[in-house]
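A quick write-up on the structure given underneath.
Since every read-out is calculated from the coordinates, none of them should be taken as a lab result. Just so it is clear, the structure is predicted and the values come from calculations on it, not from any experiment. Neighbour counts run over all protein chains shown; Cβ positions are idealised from the backbone, glycine included.
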Amino acid sequence: IKRIGVLTSGGDAPGMNAAIRAVVRAGLHHGLEVFGIQNGYAGLHQDQIVPLDRHSVSDVITRGGTFLGSARFPEFKEEAVRVEAVQNLKKHGIDGLVVIGGDGSYMGAMRLTEMGFPCIGIPGTIDNDIAGTDYTIGFDTALNVAVEAIDRLRDTCSSHNRISVVEIMGRHCGDLTSSAAVAGGAEYVIVPEVAFDQHELIQQIHEGVAKGKKHAIVAICENVCDVNQLAKDIQAATGRDTRATILGHIQRGGTPTAADRIMASRMGAHAVELLLEGLGGRCMGLQNNHIVHHDIIDCIKHLRRPFNEEMYQLSNTLF
Ligand code: F6P
């Protein structure tokens, strides 16, 4: 193996640049040539492939986002599109690919692997919803953003005796929400993994208000309900001013934390070593602080990410 490629795909996540940097620097360290594929699988299909040297990744470790660009590209499901993508890789003499992204990106890497092209997946998403790893790159940074937002909301809520509903990203995974709820001391937490009973929530808030509670934070994962409507319903039932705040894409930007940079660096360097060992079709993980790798096909088809019930229960216990 002489030439490898690296791409970022799906929603960006802070720390992706650190992972690209690690792939490039580790590749060069081992005497490989490294190519960057711009704009994810869409760029791979459109032959947006550029050589990277050590200076291409200077100063990127501190930057959020991905300097290679990223895209969601559902067309990659079509075999004809993937055949052209593999032809582009071969045209540049690339014989191994590192894919940094979430579950959709893993799916693309799995398909390429099934077509005989060696790919290694690195989990990069703020959602922490990938099987085979305790953490995904970007989760820690997004968590810190969400916690800081909750801290700020608490200041203004307590000044005005208000209730604040804060919607946190995560797609269908409640990890970001329950972790932010614990770290931010939120009073109520709602995650997609646990059936949501709005009536019960409002009842609990109502009881809290009746007991003299002056303000409260409700941390809720996105895609559970309309948070603006929920805030109106809480206000109507409790008589307390209630505001909804959707944190949105603010959670996806910013300087990655040290934890995300270090994990990205470890995974990126290790992914290159796997390709050098002739291994393809693997996906990286961090489990019990050890770098591990799993069969990517098995990971997608059979491994399930367990619901972090402990964190959810903790947020309820400490309220
Ligand atoms: O997967 C990361 C994520 O930020 C999710 O938390 C969110 O549901 C989704 O991406 C938003 O996607 P988009 O950036 O395409 O709006």
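If R0 is taken as 45 Å, the Cβ-Cβ distance between residue 202 and residue 3 corresponds to a FRET efficiency of 0.15.
Which helices, taking whole DSSP H runs in the chain, have alpha carbons extending 20 angstrom or more along the helix axis plus mean Kyte-Doolittle at least 0.0? In the chain, the long hydrophobic H runs are 258-276. Net length available on complete extension from residue 161 to residue 228 is 22.3 nm, with 0.36 nm assigned per residue and the Cα-Cα distance removed. Computed on the chain, with alpha-carbon pairs under 8 angstrom and 6+ residues apart, the relative contact order is 24 percent. Magnitude of the charge dipole for the chain, about its Cα centre and with charges confined to Cβ atoms of Lys, Arg (+1) and Asp, Glu (-1), is about 600 debye. Its Cα centre serving as origin, the range 176-235 has a Cβ charge dipole (Lys and Arg +1, Asp and Glu -1) of approximately 340 debye. Counting Lys and Arg as +1 and Asp and Glu as -1, what is the net charge of the other residues whose Cβ lies under 10 Å from the Cβ of residue 312? Spelling it out: positives minus negatives among the neighbours equals -4. Note that the range 103-150, at 20 °C in a medium of 1.002 mPa s, gets a Stokes-Einstein diffusion coefficient of 178 µm²/s from its Kirkwood radius over C-alpha pairs. The GNM of the chain, with springs linking C-alpha atoms under 10 angstrom apart, assigns the highest mean-square fluctuation among 282, 21, 240 to 240. The calculated FRET efficiency for residue 210 paired with residue 250, based on their beta-carbon distance and R0 = 30 Å, is about 0.30. Each Lys or Arg adds one and each Asp or Glu subtracts one; over the other residues with Cβ under 13 Å from the Cβ of residue 235, this totals +2. How are the C-alpha pair distances of the chain spread across 20 Å bins, as whole percents from the shortest bin up? It works out to 33, 48, 18, 1, in whole percents. When both the range 207-226 and the range 47-99 are represented by their alpha-carbon centers, they are found 43 Å apart.
Dividing the summed -39500 (n - 2.57) terms of all DSSP H runs of n ≥ 4 by the residue count of the chain sets its mean residue ellipticity at 222 nm at -13500 deg cm²/dmol.
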